[in-house]
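Contents: one structure, followed by commentary.
The values are calculated or read from the model by the stated rules, or taken from the named source; none is laboratory data. Everything quoted here is computed from the prediction, not taken from an experiment. For neighbour counting, all protein chains shown are included, and Cβ atoms are generated from backbone atoms with ideal geometry for every residue, glycine included. Only protein heavy atoms, including side chains, enter the accessible area calculation; ligands, DNA and RNA are left aside. Shrake-Rupley method; radii C 1.70, N 1.55, O 1.52, S 1.80 Å.
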Amino acid sequence: MAQRSIREIDGKQMLSRLWNEFFPEDLKLEYRGVLIDEESDLNKIESENKWLCESNLVVKPDMLFGKRGKNGLVYYKNENPGDVSWEDAKKWIKEKSSDTTTLHSGQSGTLSHFIVEPFNPHSDEYYLSINLGDKYDEIFFSLQGGVDIEENWDSVLTIKLDESISAEEAHEIIKNELRKFTDTEKFDSFVCSAYVFFRNMHYTYLEFNPFVLEDDKIILLDLVAKVDDTAHFLKGHIWGDLEFPAPFGRSLTKEENYIKGIDANSGSSLKLTILNKEGKIWTLVAGGGASVVYADTIADMGHSEELATYGEYSGNPSMEETCEYAKTLFDLMTRDGKKGKILIIGGAIANFTDVAKTFKGIICAMNEYSKKLKKCEVEVYVRRGGPNYKTGLKNLRSAGKRIGLKISVHGPETHMTDIVRMALEKQEVR
Amino acid sequence: MEHTSLFTRKTQCIFWGLHTTAIQRMTDYDFMIGREKPSISGIVAPSRQENFHKVFFGKKEMLIPLFGNVKQAFNSHPECDTFLNFASFRSAFDVTMHAFDIEAIKTIVITAEGIPERLARRIRETAKKKDKLIIGPSTVGAMNPGAFKVANIGGAVENIIEAKLFNTGSVGLVTRSGGLFNELANIIFRNSNGIYEGVAIGGDRFPGSEFLEHMLRFEKNPDIKMIVMLGELGGSSEYAVINAMKEGLITKPVIAWCIGTVAKYMKSEVQFGHAGAKADKEMETAQAKNKALSDAGAIVPVSYNDLPGLIAETSKKCGIKKVVKQASGFVKRSKIVSSRRTATNFICTISDDTGAEPTYIGTPISEVAGDDYSIGDVISMLWFKRRFPHWASEFFVLVLKIVADHGPAVSGAHNTRITARAGKDLISSLVSGLLTIGPRFGGAIDGAAKYFYGALDHMTPLEFVTKMKESGVNIPGIGHRIKSVRNPDKRVTILKEYADKHFPLNRLLPYALEVEKITTAKKDNLILNVDGTVGILLVDLLLSLGYSRKDILEIISSWGLFNGLFLLGRSIGFIGHYIDEKRLNMPMYRHPWSDILYDARPEEDKTQEK
């Protein structure tokens, strides 16, 4: 995969845990915060975090999406800022998580994870973000942090750092650049230490907007972070049990979860995303690249709203895995019993995957769902190449015929996506 | 002339990692396109013991040498300029950084998926500084059909045949995806005349080389008439191409398409297969890229499905003729490659008895039997796999003569005689004599060579003697029962004179003689004996022939080859002793009681006595 978003609380707790390792002694971070989700034992959390009852609190959803303030999802006041108690917080969480929330961006879903922290009255808000850029590591710093940073982008200082320089050299550059901007030397060591942390821990994005500096105390009011999960073999032991949650609004369906489970326990890749259960066009495509191309072509030919799923199987899955995958798809597709659905069994010319073997899995699923497929009058379009494709195609054709389905089978002599055209043209004729 | 092809029919590479299937696939391709030998010159496999890896080259097996590190491999194979790094994501970065320091390398291909982005970016930036071309990470490979194919690109043999990937066409192809590479090569073959050069740059966020780099090379290559590029959503590397086209740096027709147009229609974020395939900004969407490409003058289809038609049309406009020249013999050779081949269990690299006439390292026996070849030549051929110059072969003969026998009293000859007298046959008697050869008898040749050569250049003769004394080891090759400075061993004199007269180089002998001066000053009979002299002179012989220190130490230590010469020579003597016993028809030998001290009481009794 690569860049993965992490929860705000995980980022903050990692910083807090590693603070003394990366940050100088004259900078302090006293982080307090808890994550509340559906399974939290609130009594236990309360007894382990006495400050919850002793402080005023701020509560926000911690589910990777930004602009929470603008979406009215930062709870910090009833009458006046800083008058939210633990009881209020619990009530607010319960209320927010009982219904669907739709963001300004259009994302929609149920709020399930909340971060609760003490309310910190403060004056000046600062901005820092660090990004793994195309050529350089990029640091963005501003003395005018806060929700409007994008509107105030003129106030942002950009520092570009070459990957190959040492931490000392980086410190020197950062210091010189910041000096043009502010006389507060504490910023130097904070920015530099944060940068070294970012680099060392294989973050790809780290943003504090805003953060507060009071004497020698750093308060991180908000944090957004992405971590490069391919660096797990280098840093996993330091990251600890780091969770990479799915983006907000994408809670998985039962079927998607089932395929995810097979995928997780297999050396091969099996992916399924349901886009529209009522869609007419269902794809069963081998290969990451080819699956995108099939979906593209259906959309580019003007039928995106009919596309039922996006998914792929690749990396030479076993017959059983392919069969389970196909069965899941056939089950979803025939559930409503409506007629005139199209099944695209597609794929490029495989490099090494044994086509006959994977098709055996599909045939096994077809046999099991033969009655339902027949009843829905599913039309099947097949195109595939690669090792043993001739045998695979032949077997699939006879299986389709035996069940009594309309099946159109093609090899590498037919352009990969041309079966989409065939299927859709026929559709339009009707 | 600077050739603008990525690879040619002469390209040779070093392969990192003993990935036998991938190695075999590349070698099969070499064979199918009619190369004379495998394009992999060496394999780097640090943890392996073997010296060679066997591959099928057609039906026949061939050996590819294994090396412990990259540098060694390239030093041994100056014909290589391409490095295929097949290391896993854990070590691919380190292996690549190592390879940057090797001058001979022009191109590095990295197949690992999942190299951390920060490290991949460093690979890319370092490559720019060191002027190396990187393909990958997470690439399926690159190829010039009919010339060279690196890594798994093209897939199984059936695919290579299906998409005519042995045929040199006129189209330059660059894709991100490895899975769709074959697909495009197939369309290009069906609608034009096939690809001239193809690269899958890999789906990572920081590929070591991007579309533009390859397209600029295609532009320069007069054999490439048109370019096909398959991009995808996410990242901005397609824009480098767009800018280059606007600046007029690419004038050949470019057919381009970016996959991932469907992303726009998806309500929530879906991560496609590639790490880089995610549009963070509007300009990173497939739609925006396709539009920008079209605006810059690229030929962009409405959907992927229209690609074949556009390729056919453009190909026609470029004047590409759809003639496909099948590499001669390709079909026959591809059948051999696809047939069932059985691997051998043994390897023989010294002689061959399968032809009309047996050969020693390729020389027919009739030639070897001629007057030109002595038994010394035969030894050098069968033991060292090369025919040594006359002076060296003759030295072997001299050693054989000198060590052939040393009387009946030495342990080996004595054993042979006793066995013969016990009524045993020739082989048993000879073997019982040979089995006494070891550290105390005869084996000093290897020992002397090892210790003296080990000390040369590291210690003065005095330091050497002192150190051996301190560690309580008698110096092998020094000392004789009766011979001394005043009563020199004639055999030693002969050997020394020969070396003095014929060896181009005498390095270890002078050192050994200095050592002898020190030891004989202590005791008159601590002379360099015949074993020692033979061992030392064999080192000088190999040094004269240009053998490296490492090779020589291996020959001595792990092969024990120097003792072989003693074994061979002394067998002549032992057989003589056996025959002598037979001729004399002596009875069974029983050792006299009087010559044995019997002291067979329990240990306690002895202690009480004390």
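Answer yes or no as to whether B:A120 is crowded, with 24+ Cβ neighbours inside 10 Å, within 14 Å of another protein chain (Cβ to nearest Cβ) and assigned to a helix (DSSP H, G or I). Can you show your working first?
On the way: crowded, with 24+ Cβ neighbours inside 10 Å: yes; within 14 Å of another protein chain (Cβ to nearest Cβ): yes; assigned to a helix (DSSP H, G or I): yes.
Spelling it out, B:A120 is indeed crowded, with 24+ Cβ neighbours inside 10 Å, within 14 Å of another protein chain (Cβ to nearest Cβ) and assigned to a helix (DSSP H, G or I).
Name the single residue that is least open to solvent (accessible area, probe 1.4 Å) among those in segment B:52-82 being assigned to a loop (DSSP other than H, G, I, E, B) and in contact with a strand residue (DSSP E or B) (Cβ under 6 Å, 6 or more places away or on another chain).
Looking only at segment B:52-82, we keep the residues that are assigned to a loop (DSSP other than H, G, I, E, B), and these are B:58-59, B:68-69, B:77-81.
Then keep just the ones that are in contact with a strand residue (DSSP E or B) (Cβ under 6 Å, 6 or more places away or on another chain); that gives B:77, B:80.
On the way: B:H77: 35, B:C80: 3 Å².
Filtering first and then ranking leaves B:C80.
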- Task: Can you work out which of the residues in segment B:194-244 that are of a type in the set (G, A, S) and more than 36 Å from the chain's Cα centre (by Cα) is nearest to B:P145 (Cα to Cα)?
- Result: B:G231
- Message: I'd like to check something: does segment A:133-153 contain any residue that is part of a helix (DSSP H, G or I) and surrounded by fewer than 19 Cβ atoms within 10 Å (Cβ to Cβ)?
- Response: yes
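Has segment B:565-575 got at least one residue that is exposed (fewer than 11 other Cβ atoms within 10 Å of the Cβ), part of a helix (DSSP H, G or I) and in the same structural domain as B:S428 (by TED's automatic domain parsing)? Walk me through how you get there before you give the answer.
Filtering segment B:565-575 for residues exposed (fewer than 11 other Cβ atoms within 10 Å of the Cβ) gives none.
There is no residue in segment B:565-575 that is exposed (fewer than 11 other Cβ atoms within 10 Å of the Cβ), part of a helix (DSSP H, G or I) and in the same structural domain as B:S428 (by TED's automatic domain parsing).
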- Count - residues of segment B:170-216 that are within 19 Å of A:E413 (Cα to Cα), in contact with an Asp or Glu (Cβ under 9 Å, 6 or more places away or on another chain) and not in a helix (DSSP H, G or I): 0
- Message: Please go through segment B:234-264 and give me each residue that is surrounded by fewer than 18 Cβ atoms within 10 Å (Cβ to Cβ) and within 11 Å of chain A (Cβ to nearest Cβ), ordered by number.
- Response: B:S236, B:A240, B:K264
- Message: Name the residue that is farthest from A:D10 (Cα to Cα), counting only residues in segment A:22-62 that are among the hydroxyl-bearing types (S, T, Y) and surrounded by 14 or more Cβ atoms within 10 Å (Cβ to Cβ).
- Response: A:S55
- Query: Can you find a residue in segment A:178-188 that is in contact with a Lys or Arg (Cβ under 9 Å, 6 or more places away or on another chain) and assigned to a strand (DSSP E or B)?
  - Reply: no
- Item | Looking only at segment A:383-430, and only at residues there that are closer than 14 Å to A:K360 by Cβ and among the hydrophobic types (A, V, I, L, M, F, W, C), the one that is nearest to the other protein chains (Cβ to nearest Cβ) | A:L393
- Considering segment B:295-311 alone, what residues qualify as being within 14 Å of chain A (Cβ to nearest Cβ) and either farther than 22 Å from B:E183 by Cβ or surrounded by fewer than 17 Cβ atoms within 10 Å (Cβ to Cβ) (or both)? B:V302, B:G309
- Could you look through segment B:142-156, keep only residues that are within 11 Å of chain A (Cβ to nearest Cβ) and of a type outside the set (G, A, S), and pick out the one that is surrounded by the fewest Cβ atoms within 10 Å (Cβ to Cβ)? B:N152
- Mind listing whichever residues of segment A:398-421 are in a helix (DSSP H, G or I) and either touching a His at 6+ places or on another chain (Cβ under 8 Å) or surrounded by fewer than 16 Cβ atoms within 10 Å (Cβ to Cβ) (or both)? A:S398, A:K401, A:R402, A:D418, A:I419
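Per-residue answers, yes or no, for (1) open to solvent by 10 Å² or more (accessible area, probe 1.4 Å); (2) of a type outside the set (G, A, S); (3) more than 13 Å from chain A (Cβ to nearest Cβ); (4) within 21 Å of B:A22 (Cα to Cα):
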residue: B:E158; (1), (2), (3), (4): yes, yes, no, yes
residue: B:K164; (1), (2), (3), (4): yes, yes, no, yes
residue: B:T168; (1), (2), (3), (4): yes, yes, yes, no
residue: B:L180; (1), (2), (3), (4): no, yes, no, yes
residue: B:I195; (1), (2), (3), (4): no, yes, yes, no
- Among what's in segment A:290-304 and is at pLDDT below 95 and more than 8 Å from chain B (Cβ to nearest Cβ), pick the residue that is nearest to A:V382 (Cα to Cα). A:H303
- Can you tell me which of A:F198, A:F211 is within 14 Å of chain B (Cβ to nearest Cβ) and surrounded by 18 or more Cβ atoms within 10 Å (Cβ to Cβ)? A:F198
- Taking only pairs six or more apart or across chains, which ones have beta-carbon atoms under 7 Å, a first residue in segment B:24-49 that is closer than 17 Å to B:F83 by Cα and open to solvent by 30 Å² or more (accessible area, probe 1.4 Å), and a second residue that is in a strand (DSSP E or B) and of a type outside the set (V, I, T)? B:Q24/B:F56
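Taking B:R190, is it within 14 Å of another protein chain (Cβ to nearest Cβ), under 41 Å from the mean Cα position of the chain (by Cα), open to solvent by 30 Å² or more (accessible area, probe 1.4 Å) and within 30 Å of A:A246 (Cβ to Cβ)? Full working, then the answer.
Numbers: within 14 Å of another protein chain (Cβ to nearest Cβ): yes; under 41 Å from the mean Cα position of the chain (by Cα): yes; open to solvent by 30 Å² or more (accessible area, probe 1.4 Å): yes; within 30 Å of A:A246 (Cβ to Cβ): no.
For B:R190, the condition - within 14 Å of another protein chain (Cβ to nearest Cβ), under 41 Å from the mean Cα position of the chain (by Cα), open to solvent by 30 Å² or more (accessible area, probe 1.4 Å) and within 30 Å of A:A246 (Cβ to Cβ) - is not met.
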- Query: Taking segment A:214-232 as the region of interest, how many residues are within 14 Å of chain B (Cβ to nearest Cβ) and not β-branched (V, I, T)?
  - Reply: 5
- Query: Counting only residues that are among the basic types (K, R) and either exposed (fewer than 13 other Cβ atoms within 10 Å of the Cβ) or assigned to a helix (DSSP H, G or I) (or both), how many does segment A:239-252 have?
  - Reply: 0
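Of everything in segment A:373-382 that's surrounded by 15 or more Cβ atoms within 10 Å (Cβ to Cβ) and away from chain B (no Cβ under 14 Å), which residue is farthest from A:I349 (Cα to Cα)? Break it down into steps so the answer makes sense when it comes.
Going through segment A:373-382, the residues surrounded by 15 or more Cβ atoms within 10 Å (Cβ to Cβ) turn out to be A:373, A:376, A:378-382.
Still in the list and also away from chain B (no Cβ under 14 Å): A:373, A:376, A:378-380, A:382.
Details: A:L373: 27, A:C376: 30, A:V378: 25, A:E379: 22, A:V380: 19, A:V382: 13 Å.
My answer is A:C376.
Please pick out the residue among B:D524, B:D605 that is assigned to a helix (DSSP H, G or I) and not aromatic (F, W, Y). Can you show your working first?
Values: B:D524 fails: assigned to a helix (DSSP H, G or I).
On inspection, the qualifying residue turns out to be B:D605.
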- Note on the structure: Going through (1) facing another protein chain (nearest Cβ under 8 Å); (2) at pLDDT 95 or above one by one, B:F218 fails only at (1)
- When B:G535 is run through (1) open to solvent by 50 Å² or more (accessible area, probe 1.4 Å); (2) of a type in the set (G, A, S); (3) in a helix (DSSP H, G or I), the failure sits at (1)
- Item | Residue list for segment A:63-86, restricted to those being surrounded by fewer than 18 Cβ atoms within 10 Å (Cβ to Cβ), modelled with pLDDT of 90 or more and touching a His at 6+ places or on another chain (Cβ under 8 Å) | A:N71
- Message: Only one of B:S432, B:S484 is closer than 22 Å to B:H406 by Cα, hydroxyl-bearing (S, T, Y) and not in a loop (DSSP other than H, G, I, E, B). Can you tell me which?
- Response: B:S432
